[in-house]
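First up is the structure itself, then whatever we jot down about it.
The values are calculated or read from the model by the stated rules, or taken from the named source; none is laboratory data. Keep in mind it's a predicted model, so treat the numbers as computed, not measured. All Cβ positions, even for glycine, are placed from backbone atoms using ideal geometry, and neighbour counts span all protein chains on display.
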Amino acid sequence: MTSLPQHPSEGSERLRPTVAVARAARVLAAAGIDAPRVEAELLAVHVLGVPRGRLALADGLTPDQLDRYDALVARRADREPLQHLTGSAAFRHLELAVGPGVFVPRPETELLAGWGVDQARAGSPLVVDLCSGSGAIALAVAQEAPAARVVAVERSPAALARLRRAAADRAAAGDRPVEVVAADVTDPGLLSDLEGRVDVLLCNPPYVPRAVEVPPEVAAHDPDEAVFGGADGLDVIRPVLARAARLLRPGGVLGVEHDDTHGAAVPALLVADGRYEAVEEHRDLAGRPRFATARRR
Ligand SMILES: C[S@@+](CC[C@H](N)C(=O)[O-])C[C@H]1O[C@@H](n2cnc3c(N)ncnc32)[C@H](O)[C@@H]1O
């Protein structure tokens with residue numbers, strides 16, 4: 001485990017948050033964390049229980065708080081995901097509980113979820129979220145498009161447990177309940193009762209090609225089955241596109257996130273299928289290909 005420099009926390013002295021954060025940011029930078037200052041602040045906010053905007057004005061850290069903070073900073077320096085340390089991930093207007101064994105929702109997926117919300121706001125559509133994981137996309141749609149009926153499909157028992165808990169929590173908070181289905185999205189008979197009835201189908205599948213080296217946070221803490229999509233990364237996407245064409249009603253729409261190397265491959269699969277039109281590729285804020293959309297003919 002990475003050791004932290006000594007600090008003046010002995011006795012009852014409190015350490016100002018700005019000083020603790022500056023010191024932690026140096027430790028995180030040395031460990032290769034991309035946004036060390038931001039992450040040092042988020043960990044301090046977590047320990048102090050104050051909003052981020054109030055951090056500079058907060059009381060100093062007590063020796064106990066400083067010990068907790070230092071321990072979390074050391075774990076982050078050892079490349080445990082920030083969200084596992086704080087226990088939650090922000091996703092659009094949601095705070096989702098996250099932890100070991102379940103994929104941590106990523107900010108870039110907010111783009112696909114936002115596209116899905118826009119599609120789901122007309123009328124009272126049937127929306128399906130395949131590979132739902134912790135339920136980020138499904139729960140965001142249920143919250144932001146309240147007239148939609150949302151069905152979330154996931155296979156991993158650990159993810160299903162978290163998804164069911166999150167769905168129950170959001171329903172208790174007043175969102176329309178998300179229906180959770182335990183199934184393999186590559187099953188050719190998936191959701192057979194919904195064939196030809198789905199208005200919006202969304203999917204953030206595992207899509208990283210097997211040989212790609214991923215950061216330590218992902219390699220050691222995200223489940224393999226949530227990340228890797230076979231040799232070319234398209235092992236789950238191919239059957240999902242085929243099944244989606246059976247599930248969508250004519251005029252229904254599909255949005256699928258993909259690897260940033262698949263900005264041509266996924267649209268090409270959609271075109272080659274022959275049952276889709278209006279195939280479009282969407283980029284993220286950094287200009288990287290991020291998700292593809294299409295309409296069922
Ligand atoms: C990249 S994660 C996405 C999770 C969530 N939708 C999100 O955006 O944060 C992919 C999810 O697909 C699930 N998964 C992988 N293969 C699957 C399959 N064949 N059937 C159902 N779920 C699958 C994994 O367990 C994981 O939760």
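Kindly indicate whether L4 is modelled with pLDDT of 95 or more and outside the structural domain of R106 (by TED's automatic domain parsing). Here the answer is no, as L4 does not meet what is asked.
Every condition in (1) away from the ligand (no atom under 15 Å from the Cβ); (2) acidic (D, E); (3) in contact with a helix residue (DSSP H, G or I) (Cβ under 6 Å, 6 or more places away or on another chain) is met by D199 except one, and the failing one is (3). In region 99-111, of all residues being under 18 Å from E257 (Cβ atoms) and in contact with a His (Cβ under 8 Å, 6 or more places away or on another chain), the one that is nearest to the ligand (Cβ to nearest atom) corresponds to V104. Residues in region 105-144 that are within 21 Å of R164 (Cβ to Cβ) and in a loop (DSSP other than H, G, I, E, B): P105, C131, S132, G133, S134, G135.
All told, V279 falls short of being assigned by TED's automatic domain parsing to the domain that holds G133, surrounded by 15 or more Cβ atoms within 10 Å (Cβ to Cβ), in a strand (DSSP E or B) and in contact with a Cys (Cβ under 8 Å, 6 or more places away or on another chain). Taken as a whole, region 235-242 holds at least one residue that is within 14 Å of the ligand (Cβ to nearest atom), among the acidic types (D, E) and in the same structural domain as V102 (by TED's automatic domain parsing).
Cβ-Cβ contacts under 8 Å between residues 6 or more apart (or on different chains), taken from a first residue in region 215-231 that is under 14 Å from Q83 (Cα atoms) to a second residue that is near the ligand (Cβ under 9 Å from one of its atoms) and in a helix (DSSP H, G or I), are listed as V218/V227.
Might you check whether a residue that is under 15 Å from V253 (Cβ atoms) and more than 12 Å from the ligand (Cβ to nearest atom) occurs anywhere in region 185-193? No: zero hits. Any idea which residue in region 145-155 is farthest from the ligand (Cβ to nearest atom), counting only those that are assigned to a strand (DSSP E or B) and under 17 Å from L254 (Cα atoms)? Among those that are assigned to a strand (DSSP E or B) and under 17 Å from L254 (Cα atoms), it is R149.
Conditions tested, residue by residue: (1) crowded, with 22+ Cβ neighbours inside 10 Å; (2) over 26 Å from A219 (Cβ atoms); (3) in contact with a Ser or Thr (Cβ under 8 Å, 6 or more places away or on another chain).
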{"residue": "D34", "(1), (2), (3)": "no, no, no"}
{"residue": "R54", "(1), (2), (3)": "no, yes, no"}
{"residue": "R68", "(1), (2), (3)": "no, yes, no"}
{"residue": "A74", "(1), (2), (3)": "no, no, yes"}
{"residue": "H93", "(1), (2), (3)": "no, yes, no"}
{"residue": "V98", "(1), (2), (3)": "yes, no, yes"}
{"residue": "A120", "(1), (2), (3)": "yes, yes, no"}
{"residue": "S132", "(1), (2), (3)": "yes, no, no"}
